[in-house]
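The values are calculated or read from the model by the stated rules, or taken from the named source; none is laboratory data. A quick note: this is a predicted structure, and the numbers were derived from the prediction, not measured. Cβ: placed from backbone, ideal geometry, glycine included. Neighbour counts: every protein chain shown.
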Amino acid sequence: MIDTGRHRLRFRATPQVPHAWDAGLLFDETTSALFCSDLFLQLGQMEPSTESDILERVRAGVLAFRGTPFDHATPYTPNTRPLLEGLAALDPRVLLAMHGSTYVGDGRKAILQLADLLEEMFGAPGYLSLADLTNAQGGIARGRDG
């Protein structure tokens, strides 16, 4: 816990959420604000903050990355949902997106909806197959059969 006198910030380790093994997020207990990094990535010009649903914007961003080098920028692992559920349990009232609008409202609900969206879009945990890796790396990643 970091106490600045005006804010109490709690660090939450979130490996692979949103990106790499060393990922982590901050939660401001004073304002109930979650610093979300790229969890709620929204592409394009957005208003600074909104009370409207941002999940369709997130979905559009994921779809825009399909077939690009950013296609697998957000890994989906067996730990993704439990980590998101842990963040939802913080009951944030503000979600501070790194790219896109800050969401003001029921952050718990939005995070759980994000967990559903990621599962829907990426399938079962571990959706990146050996074939995907082989194709993505020009045949470098070969299994025993390759």
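Quick look at the numbers
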quantity: Residue among R6, R57, R10 that is part of a strand (DSSP E or B), basic (K, R) and either at pLDDT 90 or above or exposed (fewer than 13 other Cβ atoms within 10 Å of the Cβ) (or both); calculated: R10
quantity: Single condition K109 does not satisfy, out of (1) under 28 Å from D3 (Cα atoms); (2) in a loop (DSSP other than H, G, I, E, B); (3) of a type in the set (D, E, K, R); calculated: (2)
quantity: Pick from region 13-28, criterion touching a residue at least 24 places away in the same chain (Cβ under 8 Å) and part of a loop (DSSP other than H, G, I, E, B), ranking: farthest from A73 (Cα to Cα); calculated: T14
quantity: Matching residues in region 102-131 - criterion: being modelled with pLDDT of 95 or more, surrounded by 14 or more Cβ atoms within 10 Å (Cβ to Cβ) and more than 22 Å from A13 (Cβ to Cβ); calculated: T102, Y103, V104, G105, D106, Q113
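Residue by residue, here is whether (1) among the polar types (S, T, N, Q); (2) free of Cβ contacts under 8 Å to residues at least 60 places away in the same chain; (3) touching a Phe, Trp or Tyr at 6+ places or on another chain (Cβ under 6 Å) holds:
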{"residue": "G5", "(1), (2), (3)": "no, yes, no"}
{"residue": "T31", "(1), (2), (3)": "yes, no, no"}
{"residue": "L34", "(1), (2), (3)": "no, no, yes"}
{"residue": "D38", "(1), (2), (3)": "no, no, no"}
{"residue": "M46", "(1), (2), (3)": "no, yes, no"}
